[in-house]
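J.: Pasting in a structure now, in structure tokens, and then I'll have a few things to ask.
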Ligand code: SAH
């Protein structure tokens, strides 16, 4: 069974001089310690502020959690998948952030697209971002991810296009795509196009809101990156939250995560 995992926001373990030292845990993590009834002798996984990854032995649990480092673990080489998701109604994005984190998505970018029914003012956006970041952290801890995914501020089409220009490949999920190219074939084509094989860097997966994308949005996103592909997720119309999870799972599998044989990115 994988070790319970804690993420330190400021503390850098390499700077700790003593063999035994206190973990500087956030308040919600202290609650987690109590809920888990952590006891001396138990081992936990700790990812610190420098994104270094340690296995630690719990020495005592009191006002502080005292630990000693058993070993420094190698951060697994993981595919870097960013999900750009059209803002959807109610708690659909919560579902996408939780499930996407469990799968290994590294970044979530909420997209205020033309047909997004949801419109967030600054206060509402701040509240939603805080909620999604809490969901991402707890899903990363529960599923044993080596890092907590980032949740970026809500972006409009120009912000999304700027992000898509920077990644190694883009999969635009569109149920109206003429060419029924699937995720696997699209990634194979990107690898063939890449000047560094296998292509390095992050892959963006783009999924629309309940109303889907406009043709102009698809054209704009396609034009951002010469390794942008419009892909089909099959003949059925998936709900926005289903499509976000399925598309990321297919991409991660093809990139060698989730037991996939696609090899690293
Ligand atoms: N326009 C659709 C609803 C959009 S579904 C309708 O007619 O009901 C929400 C999003 O999921 C879409 O924008 C698309 O990104 C993705 N999606 C759903 N089914 C898909 C499919 N079969 N192929 C590719 N993308 C799909």
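J.: Please go through the stretch 229-258 and give me each residue that is in contact (Cβ under 8 Å) with a residue 12 or more places away in the chain and more than 11 Å from the ligand (Cβ to nearest atom), ordered by number.
T.: 229, 248, 249, 251, 252, 254, 255, 256, 257, 258
J.: Scan the stretch 117-164 for residues that are more than 26 Å from residue 77 (Cβ to Cβ), modelled with pLDDT under 95 and surrounded by 15 or more Cβ atoms within 10 Å (Cβ to Cβ) and jot them down.
T.: Across the stretch 117-164, the qualifying residues are 118, 120.
J.: A further question follows. Just one of the numbered conditions (1) within 12 Å of the ligand (Cβ to nearest atom); (2) outside any helix (DSSP H, G or I); (3) under 19 Å from residue 111 (Cα atoms); (4) within 21 Å of the chain's Cα centre (by Cα) is not true of residue 213; which one?
T.: (4)
J.: Taking the condition of being under 25 Å from the mean Cα position of the chain (by Cα) and loosely packed, with under 12 Cβ neighbours inside 10 Å, how many residues in the stretch 19-50 meet it?
T.: Qualifying residue count for the region: 3.
Residue by residue, here is whether (1) closer than 23 Å to residue 155 by Cβ; (2) more than 9 Å from the ligand (Cβ to nearest atom); (3) modelled with pLDDT of 90 or more holds:
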{"site": "176", "(1), (2), (3)": "yes, no, yes"}
{"site": "186", "(1), (2), (3)": "yes, yes, yes"}
{"site": "195", "(1), (2), (3)": "no, yes, no"}
{"site": "204", "(1), (2), (3)": "yes, yes, yes"}
{"site": "220", "(1), (2), (3)": "yes, yes, yes"}
{"site": "227", "(1), (2), (3)": "yes, yes, yes"}
{"site": "260", "(1), (2), (3)": "no, yes, no"}
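J.: Let me confirm something: among 114, 90, 79, which residue is closer than 30 Å to residue 215 by Cα, in contact with a helix residue (DSSP H, G or I) (Cβ under 8 Å, 6 or more places away or on another chain) and surrounded by fewer than 18 Cβ atoms within 10 Å (Cβ to Cβ)?
T.: Details: 90 fails: in contact with a helix residue (DSSP H, G or I) (Cβ under 8 Å, 6 or more places away or on another chain); 79 fails: surrounded by fewer than 18 Cβ atoms within 10 Å (Cβ to Cβ).
The unique qualifying residue is 114.
J.: While we're looking at this one, here's another question. Do you know which residues across the stretch 55-76 are closer than 14 Å to residue 13 by Cα, free of Cβ contacts under 8 Å to residues at least 24 places away in the same chain and surrounded by 14 or more Cβ atoms within 10 Å (Cβ to Cβ)?
T.: Correct list: 57 only.
J.: Then there's this: For the stretch 162-174, how many residues meet the condition of being more than 16 Å from the ligand (Cβ to nearest atom) and not in a loop (DSSP other than H, G, I, E, B)?
T.: 5
The values are calculated or read from the model by the stated rules, or taken from the named source; none is laboratory data. Not measured: the values here are computed from a predicted model. Neighbour counts are summed over all protein chains in view; Cβ atoms, including those assigned to glycine, are modelled from backbone coordinates with ideal geometry.
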